[in-house]
Amino acid sequence: MATRMLLISDTHIPGRARVLPEAVLQAADEADLIVHAGDWVSEGVLDELRRHGDVLGVWGNNDGADLRARLPEVARREIEGVRFAVIHETGDAKTRERRMPAAFPDTDVLVFGHSHIPWDTSAEGLRLLNPGSPTDRRRQPHHTYMTLVVDDGALADVQLVTV
């Protein structure tokens, strides 16, 4: 059975937005799993997303002790035979594709955040996905998130969605 996923990161609520955009909440309702790659800032965002579905998340560098007590630095889950890991920060983008396969050897997909820059590449069999931010686009042209489907051991329909 296919698993529909919503990937978000760097919501920075209430600093960058007061609430999650309606499009994100609708996507959360449609997803079987919501993945958040850190920098929630408000614990209320975690609680709100959990009202919309199953959440797999990590804390980021802007998250306080409250979120760090509830979330791991790295989260892992196997979904439909695909091994996922989630982390907030991966370091320098120039060497990311060289370093991450070694850092996450038993992983098929690494979801990360921090830069607010959408990213979708593969390196040595590891798919690297950064959904950008639905609330803080920084120097990007749009606020973004990602959706994807995992079915029978493979990713399908990976989409970068503009808010």
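Just so it is clear, none of the values below were taken in a lab; they were calculated from the coordinates. The structure presented is a predicted model; accordingly, all values stated were derived computationally and were not measured. Note: ideal-geometry Cβ built from the backbone for every residue, glycine included; neighbour counts use all protein chains shown.
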### Query
Considering region 109-163 alone, what residues qualify as being among the small types (Gly, Ala, Ser) and assigned to a loop (DSSP other than H, G, I, E, B)?
GLY113, SER115, GLY125, GLY132, SER133, GLY153
### Query
Any idea how many residues of region 1-15 are over 22 Å from LEU155 (Cα atoms), among the charged types (D, E, K, R) and not in a loop (DSSP other than H, G, I, E, B)?
0
### Query
Which pairs do you get when a residue that is part of a loop (DSSP other than H, G, I, E, B), found in region 66-80, comes within reach of a residue that is among the hydroxyl-bearing types (Ser, Thr, Tyr), reach meaning Cβ atoms under 7 angstrom, with the pair 6+ apart or on two chains?
GLU80/THR3
#### Entry: Candidate set from region 95-129 (those that are farther than 21 Å from ALA154 by Cα and of a type in the set (S, T, N, Q)); member that is surrounded by the most Cβ atoms within 10 Å (Cβ to Cβ)
SER115
### Task
Would you tally the residues in region 112-163 being small (Gly, Ala, Ser) and over 22 Å from TRP59 (Cα atoms)?
6
## Note on the structure
Note on region 16-65: residues in contact with a Leu (Cβ under 8 Å, 6 or more places away or on another chain) and part of a helix (DSSP H, G or I) are VAL24, ALA27, ALA28, GLU30, GLU43, VAL45, LEU46, GLU48, LEU49, HIS52
